[in-house]
Amino acid sequence: MRLISGIQPSGNITLGNYLGAIKNFVKLQDREDITDFLVFVADMHAITVPQDKQALRQNIKSLVATYLACGLNPEKVHIFIQSEVPAHAQLGWILQCNGYIGELERMTQFKDKKEKQVAGVSVGLLTYPSLMAGDILLYDSDAVPVGQDQKQHLELTRTLAERFNNKYGDTFVVPEPFIAEAGAKVMSLTEPTKKMSKSDPNPKAYIALLDDINIVKKKIRSAVTDSDGKIAYDTVNKPGISNLLTILSCVTNTSIKDLVEKYKDSNYQQFKDDVANAVALELEPIQKRYNELINSPKLDEVLNEGRDYANYLANKKIAKVYNKVGLGRKTK
Ligand code: AMP
Ligand code: TRP
C-alpha cells in the first residue's frame with residue numbers, strides 16, 4: 001500500500017497539524033502493510049495566497065526539520081518539496097481541465113479563505129484542489145492520511161480520478177482518505193468551536209510546535225472553557241473542555257473515557273495544569289531535535305533522496321497520462 005500526504009509551509013506548524021497529521025504519519029511509518037510512504041512540503045499550495053519570498057524559503061526548511069524532529073524516519077518515508085517535482089504542476093493542469101468551476105466553488109476551504117483575501121482572490125486559490133488531486137494521483141496512492149478539514153478535497157480527488165478513468169481508460173488508483181479518529185480536528189484555544197489554525201490572527205488561539213514551552217503552558221492554562229466546572233466530553237455544550245480532553249488523550253495515548261473517569265473530581269485548574277504539562281513533555285524533545293537539525297546538512301541529504309525518488313515515480317506516471325490524453329508526440 002502506498003501513502004502520501006503533505007502540509008503547507010505557511011507559517012507556524014500547530015499542535016493541530018501535529019496531532020491531526022504528523023503524529024499519525026509517525027505511527028503509520030512502522031506499519032508492515034505500507035510499502036511506500038511519501039510526505040512532502042506543499043510549497044506550491046502555499047502561494048495560492050500572498051507569501052513573502054524569504055519567509056516562504058524559511059518555512060519550507062523549517063517544515064522539513066519539523067517532520068524529522070517529530071520522528072519521521074527518512075529510511076521509511078521519502079520526504080520532498082513539491083516544487084522540486086515538476087510533474088505535480090503538470091498533472092494539476094490536466095486535472096484542472098477535467099474539473100468544473102462549480103465543483104471547486106463548492107469547496108468549504110475556498111469559501112472560507114476567499115473571504116480573508118484583501119488583495120484579490122487568486123485563481124490558484126480556486127483550483128488548488130486540482131493541484132492537490134494531482135499530488136495524490138501522480139503516485140497511485142492508495143490512502144491519504146489527513147485531518148478532517150481535508151476530507152472534502154479528498155472526495156473531489158476521488159471524483160476527478162473516476163472521471164478521468166472513465167474518459168481515458170483506467171489510469172489512476174482511486175484513493176481512500178485516512179482520517180484518524182482522535183486529533184483529526186483540534187480546536188482553537190480561544191474559540192473552541194473553530195478549528196485551530198496557524199493563520200489565526202490571535203496567537204493565543206493556537207499552539208505552535210516551536211512556541212516557548214512556558215508560553216505553551218500559559219496558552220493552555222488560559223484556554224477558554226465554560227463555567228459548569230465538570231470535566232466531561234461534550235463537544236456541543238463543552239467544546240473547550242472537550243478539546244483539552246482530545247489533546248490530552250492524544251499526547252498521553254489514553255482514551256477520553258479513562259481521562260473523564262480520572263478527572264471526575266478535579267477542578268479545571270488542576271486539569272489544565274496536567275494538560276499543559278503533558279503537552280510540554282511531548283513538545284520539549286521535538287524542539288530539542290528541531291534545533292539540532294535546522295542548520296544541519298541532514299536536511300539536504302533527505303530532500304535530495306526524496307526529490308529523486310518522487311521524480312522517478314512521477315515522471316513515469318505523467319508520461320502515461322500525456323499519452324492517454326493525446327498530448328505531444330507518442331512516447332513508449
Ligand atoms: P495545513 O496546515 O492546512 O497544510 O494542514 C496540514 C495537515 O494538518 C492536514 O492534514 C490537515 O488536515 C491537518 N490539520 C490542520 N489543522 C488541523 C487541526 N486544527 N486539527 C487537526 N488536524 C489539522
Ligand atoms: N491541502 C492540504 C492542506 O492544506 C495540503 C496538501 C496538499 C495535501 N496536497 C496534499 C495533503 C496531498 C495530502 C495529500 O492541509
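Couple of notes before you dig in:
- Trypsin sites (Lys or Arg not before Pro) restricted to region 9-75 and DSSP loop, no more than 16 other C-beta within 10 Å: Arg31
- Cβ crowding within 10 Å averaged over residues, with 34-43, 186-195 ranked highest first: 34-43, 186-195
- Evaluated with a Cβ-only charge set (Lys, Arg +1; Asp, Glu -1), the chain carries a dipole of roughly 760 debye about its Cα centre, given to the nearest 20.
- Net charge dipole size for region 1-143 [Lys, Arg +1 and Asp, Glu -1 on Cβ; Debye, nearest 20]: 480
- The fraction of accessible area contributed by carbon and sulfur in the chain is 51 percent, rounded to a whole number (1.4 Å probe; ligands and nucleic acids excluded).
- In this rough spin-label picture, where each label sits 7 Å from Cα along the Cβ direction, the Asp112-Asn291 distance is 3.3 nm.
- Normalised by the number of residues in region 203-292, the average gap of Cα pairs under 8 Å and 6 or more apart makes the relative contact order 35 percent.
- DSSP-loop GluC sites (Glu not before Pro) across region 122-200, with at most 11 other Cβ within 10 angstrom: Glu181
- Look at the dipole of the chain built from charges on Cβ: of Ile101, Ile220, Gly11, the Cα furthest out on the positive end belongs to Ile101.
- Average Cα contact separation per residue, the chain, under 8 Å, 6 or more apart, as relative contact order %: 23
- Under the simplified labelling scheme, the Glu105-Trp93 pair shows an inter-label distance of 2.6 nm, with each label point 7 Å from Cα along Cα→Cβ.
- Selection among Ala119, Ile207, Ile294 by position relative to the dipole of the chain gives Ala119 as farthest towards the positive end (Cβ unit charges, Cα centre).
- Here the relative contact order of region 91-246, from alpha carbon pairs under 8 Å that lie six or more residues apart, stands at 17 percent.
- GNM on the chain, alpha-carbon springs under 10 angstrom: the most fluctuating residue among Tyr18, Tyr206, Tyr312 is Tyr312.
- Prolate/oblate/rounded call for region 183-332, Cα gyration tensor, a/c under 1.5 rounded: prolate
- For the chain, the per residue solvent-accessible surface stands at 49 Å², with DNA, RNA and ligands left out and a 1.4 Å probe.
- Stokes-Einstein, applied to the Kirkwood radius of region 203-292 over Cα pairs at a viscosity of 0.890 mPa s and 25 °C, places its translational diffusion at 182 µm² s⁻¹.
- Cβ-placed point charges (K, R +1; D, E -1), dipole of region 203-292 about Cα centre in debye, nearest 20: 140
- Between Phe178 and Val144, Val146, the built amide H atoms are under 5 Å apart, and every one of these is 5 or more places off in sequence or on another chain.
- Calculated SAXS-style log₁₀ I(q)/I(0) at q = 0.08, 0.13, 0.14 Å⁻¹ - the chain, Debye, Cα scatterers: -0.39, -1.00, -1.15
- 3J(HN,Hα) along region 254-267: 10, 6, 4, 4, 5, 5, 4, 5, 4, 9, 4, 9, 8, 9 Hz, from the Karplus curve 6.51 cos²θ - 1.76 cosθ + 1.60 with θ = phi - 60°, whole Hz, x for Gly and Pro.
- Theoretical ellipticity at 222 nm over the chain - DSSP helices of four or more residues, -39500 (n - 2.57) apiece, nearest 500: -16000 deg cm²/dmol
- Amide H contacts of Val186 (H built 1.01 Å from N, under 5 Å, at least 5 apart or other chain): Met196
The values are calculated or read from the model by the stated rules, or taken from the named source; none is laboratory data. Owing to the predicted nature of the structure, the values given are computational and were not obtained by experimental measurement. Virtual Cβ from ideal backbone geometry, glycine too; neighbours counted across all protein chains shown. Remember, those area values only see protein heavy atoms, side chains included, never the ligands or the DNA or RNA. Shrake-Rupley method; radii C 1.70, N 1.55, O 1.52, S 1.80 Å.
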